[in-house]
Amino acid sequence: MFSVGDYIAHPLHGAGVIDSIVVKRIDGTEREYYALRLPVGDMLVLVPVEGSESIGVRPVISPEEAAGVLDAFSAIDVSMTQNWNKRYRENMVKLKSGRPMDVAEVVKGLMSRDSERGLSTGERRMLHSAKQILISEIVVALNLTYAQVEQRLSESMG
(Lines give C-alpha, C1' and ligand atoms only; values in the text may rest on other atoms or scores of the structure.)
Protein backbone atom coordinates (compact mmCIF):
# COMPACT_ATOMS: atom_id res chain seq x y z
CA MET A 1 0.00 0.00 0.00
CA PHE A 2 1.17 3.50 -0.83
CA SER A 3 1.02 6.54 1.46
CA VAL A 4 0.16 10.21 1.11
CA GLY A 5 3.12 11.96 -0.51
CA ASP A 6 4.31 8.90 -2.46
CA TYR A 7 5.01 9.31 -6.16
CA ILE A 8 3.32 6.59 -8.18
CA ALA A 9 2.76 5.78 -11.84
CA HIS A 10 -0.58 4.67 -13.27
CA PRO A 11 -0.21 2.81 -16.59
CA LEU A 12 -2.92 4.81 -18.39
CA HIS A 13 -2.75 8.18 -16.64
CA GLY A 14 0.94 8.71 -15.95
CA ALA A 15 2.79 9.67 -12.80
CA GLY A 16 1.84 11.88 -9.91
CA VAL A 17 1.81 12.28 -6.16
CA ILE A 18 -0.78 10.88 -3.78
CA ASP A 19 -2.55 13.93 -2.34
CA SER A 20 -4.75 11.96 0.03
CA ILE A 21 -6.54 8.69 0.55
CA VAL A 22 -10.29 9.19 0.39
CA VAL A 23 -13.27 6.97 1.16
CA LYS A 24 -16.12 6.98 -1.36
CA ARG A 25 -19.41 5.11 -1.21
CA ILE A 26 -20.37 3.66 -4.58
CA ASP A 27 -23.40 1.38 -4.95
CA GLY A 28 -23.60 1.07 -1.17
CA THR A 29 -20.00 -0.10 -0.79
CA GLU A 30 -17.33 2.04 0.82
CA ARG A 31 -13.91 1.89 -0.81
CA GLU A 32 -10.61 3.68 -0.34
CA TYR A 33 -9.09 5.58 -3.25
CA TYR A 34 -5.74 7.23 -3.81
CA ALA A 35 -6.28 10.84 -4.87
CA LEU A 36 -3.48 11.01 -7.44
CA ARG A 37 -2.46 14.54 -8.47
CA LEU A 38 -0.90 14.52 -11.94
CA PRO A 39 1.61 17.29 -12.75
CA VAL A 40 0.41 17.53 -16.33
CA GLY A 41 -2.78 19.56 -16.49
CA ASP A 42 -3.04 19.57 -12.67
CA MET A 43 -5.54 16.70 -12.93
CA LEU A 44 -6.78 14.62 -9.99
CA VAL A 45 -7.43 10.91 -10.58
CA LEU A 46 -9.04 8.59 -8.04
CA VAL A 47 -7.42 5.15 -8.10
CA PRO A 48 -8.96 2.33 -6.03
CA VAL A 49 -6.55 1.21 -3.31
CA GLU A 50 -7.80 -2.36 -3.53
CA GLY A 51 -6.42 -3.91 -6.70
CA SER A 52 -4.24 -0.94 -7.62
CA GLU A 53 -1.17 -3.12 -8.03
CA SER A 54 -3.06 -5.56 -10.26
CA ILE A 55 -3.90 -2.73 -12.69
CA GLY A 56 -0.24 -1.76 -12.82
CA VAL A 57 0.09 1.08 -10.30
CA ARG A 58 3.71 1.15 -9.14
CA PRO A 59 6.33 3.47 -7.68
CA VAL A 60 7.80 6.02 -10.09
CA ILE A 61 11.07 4.95 -11.73
CA SER A 62 14.35 6.16 -10.26
CA PRO A 63 16.17 9.20 -11.67
CA GLU A 64 18.75 6.82 -13.15
CA GLU A 65 16.08 4.79 -14.94
CA ALA A 66 14.41 7.97 -16.23
CA ALA A 67 17.73 9.26 -17.56
CA GLY A 68 18.27 5.87 -19.17
CA VAL A 69 14.93 6.08 -20.98
CA LEU A 70 15.79 9.55 -22.28
CA ASP A 71 19.27 8.44 -23.34
CA ALA A 72 17.95 5.32 -25.10
CA PHE A 73 15.10 7.12 -26.88
CA SER A 74 17.08 7.95 -30.02
CA ALA A 75 18.21 4.31 -30.42
CA ILE A 76 14.72 2.77 -30.17
CA ASP A 77 13.85 0.76 -33.27
CA VAL A 78 10.49 1.84 -34.69
CA SER A 79 9.33 -0.96 -36.96
CA MET A 80 5.53 -0.90 -37.01
CA THR A 81 3.09 -2.93 -39.05
CA GLN A 82 1.29 -1.20 -41.92
CA ASN A 83 -2.08 -2.55 -40.78
CA TRP A 84 -3.65 0.29 -38.74
CA ASN A 85 -5.83 -2.00 -36.63
CA LYS A 86 -3.00 -4.36 -35.70
CA ARG A 87 -0.60 -1.46 -35.03
CA TYR A 88 -3.17 0.20 -32.74
CA ARG A 89 -3.71 -3.03 -30.76
CA GLU A 90 0.06 -3.64 -30.42
CA ASN A 91 0.56 -0.09 -29.18
CA MET A 92 -2.29 -0.43 -26.66
CA VAL A 93 -0.69 -3.57 -25.21
CA LYS A 94 2.59 -1.65 -24.77
CA LEU A 95 0.81 1.29 -23.11
CA LYS A 96 -1.13 -0.95 -20.74
CA SER A 97 2.10 -2.66 -19.68
CA GLY A 98 3.07 0.57 -17.95
CA ARG A 99 6.77 -0.07 -18.60
CA PRO A 100 8.50 3.20 -19.49
CA MET A 101 10.55 1.68 -22.33
CA ASP A 102 7.39 0.18 -23.89
CA VAL A 103 5.66 3.55 -23.68
CA ALA A 104 8.76 5.21 -25.16
CA GLU A 105 8.56 2.76 -28.10
CA VAL A 106 4.96 3.82 -28.75
CA VAL A 107 5.86 7.51 -28.51
CA LYS A 108 8.83 7.21 -30.84
CA GLY A 109 6.98 5.00 -33.32
CA LEU A 110 4.00 7.34 -33.54
CA MET A 111 6.18 10.46 -33.68
CA SER A 112 8.15 8.89 -36.51
CA ARG A 113 5.02 7.83 -38.37
CA ASP A 114 3.51 11.30 -37.89
CA SER A 115 6.54 12.98 -39.46
CA GLU A 116 6.55 10.53 -42.41
CA ARG A 117 2.87 10.01 -43.22
CA GLY A 118 0.71 11.76 -40.65
CA LEU A 119 -1.54 10.05 -38.12
CA SER A 120 -5.19 9.15 -38.02
CA THR A 121 -7.30 10.80 -35.35
CA GLY A 122 -7.14 7.67 -33.17
CA GLU A 123 -3.37 7.42 -33.41
CA ARG A 124 -2.98 11.15 -32.80
CA ARG A 125 -4.96 10.72 -29.55
CA MET A 126 -2.83 7.70 -28.66
CA LEU A 127 0.38 9.69 -29.26
CA HIS A 128 -0.87 12.52 -27.05
CA SER A 129 -1.79 10.06 -24.30
CA ALA A 130 1.46 8.09 -24.58
CA LYS A 131 3.55 11.28 -24.44
CA GLN A 132 1.66 12.44 -21.36
CA ILE A 133 2.23 9.07 -19.64
CA LEU A 134 5.94 8.95 -20.47
CA ILE A 135 6.74 12.60 -19.90
CA SER A 136 4.83 12.81 -16.61
CA GLU A 137 6.95 10.02 -15.14
CA ILE A 138 10.22 11.53 -16.34
CA VAL A 139 9.12 14.95 -15.03
CA VAL A 140 8.50 13.47 -11.57
CA ALA A 141 11.65 11.30 -11.56
CA LEU A 142 14.07 14.00 -12.76
CA ASN A 143 12.31 17.12 -11.43
CA LEU A 144 12.17 18.70 -14.89
CA THR A 145 9.38 20.58 -16.65
CA TYR A 146 7.08 19.02 -19.21
CA ALA A 147 8.50 21.35 -21.88
CA GLN A 148 12.09 20.35 -21.09
CA VAL A 149 11.35 16.64 -21.45
CA GLU A 150 9.24 17.14 -24.58
CA GLN A 151 12.05 19.17 -26.15
CA ARG A 152 14.57 16.47 -25.33
CA LEU A 153 12.37 13.80 -26.96
CA SER A 154 11.92 15.95 -30.05
CA GLU A 155 15.67 16.52 -30.31
CA SER A 156 16.22 12.75 -30.02
CA MET A 157 14.09 12.24 -33.12
CA GLY A 158 16.83 13.92 -35.16
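Details
- In the range 85-99, residue nearest to residue 60 (Cα to Cα) [restricted to those that are surrounded by 13 or more Cβ atoms within 10 Å (Cβ to Cβ) and without any contact (Cβ under 8 Å) to a residue 60 or more places away in the chain]: 99
- Candidate set from the range 1-38 (those that are out of contact with any strand residue (DSSP E or B) (no Cβ under 6 Å at 6 or more places or on another chain), open to solvent by 60 Å² or more (accessible area, probe 1.4 Å) and touching a residue at least 40 places away in the same chain (Cβ under 8 Å)); member that is nearest to residue 129 (Cα to Cα): 12
- Test: residue in the range 40-51 that is modelled with pLDDT under 90 and touching a Ser or Thr at 6+ places or on another chain (Cβ under 9 Å): yes
- Residue selected from the range 127-149 under the condition free of Cβ contacts under 8 Å to residues at least 60 places away in the same chain and touching a helix residue (DSSP H, G or I) at 6+ places or on another chain (Cβ under 6 Å), by the criterion least open to solvent (accessible area, probe 1.4 Å): 130
- Residue tally, condition within 21 Å of residue 145 (Cβ to Cβ) and of a type in the set (Val, Ile, Thr), over the range 1-23: 2
- Checking each residue in the range 72-131 for being assigned to a helix (DSSP H, G or I), in contact with a Lys or Arg (Cβ under 7 Å, 6 or more places away or on another chain) and β-branched (Val, Ile, Thr) picks out 103, 106, 107.
Rundown of residues vs (1) more than 20 Å from residue 100 (Cα to Cα); (2) touching a helix residue (DSSP H, G or I) at 6+ places or on another chain (Cβ under 9 Å), yes/no style:
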position	(1), (2)
10	no, yes
19	yes, no
23	yes, no
29	yes, no
34	yes, no
44	yes, no
57	no, no
73	no, yes
76	no, yes
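- For the range 57-84, a residue qualifies if it is among the hydroxyl-bearing types (Ser, Thr, Tyr), open to solvent by less than 80 Å² (accessible area, probe 1.4 Å) and either touching a Phe, Trp or Tyr at 6+ places or on another chain (Cβ under 8 Å) or closer than 15 Å to residue 108 by Cβ (or both), and exactly one does: 74.
The values are calculated or read from the model by the stated rules, or taken from the named source; none is laboratory data. As the structure is a prediction and not an experimental result, all values here were calculated from the model. FYI the Cβ positions are ideal-geometry reconstructions off the backbone, even for glycines, and counts take in every protein chain you see. Heavy atoms of the whole protein, side chains included, go into the accessibility calculation; ligands, DNA and RNA do not. Shrake-Rupley method; radii C 1.70, N 1.55, O 1.52, S 1.80 Å.
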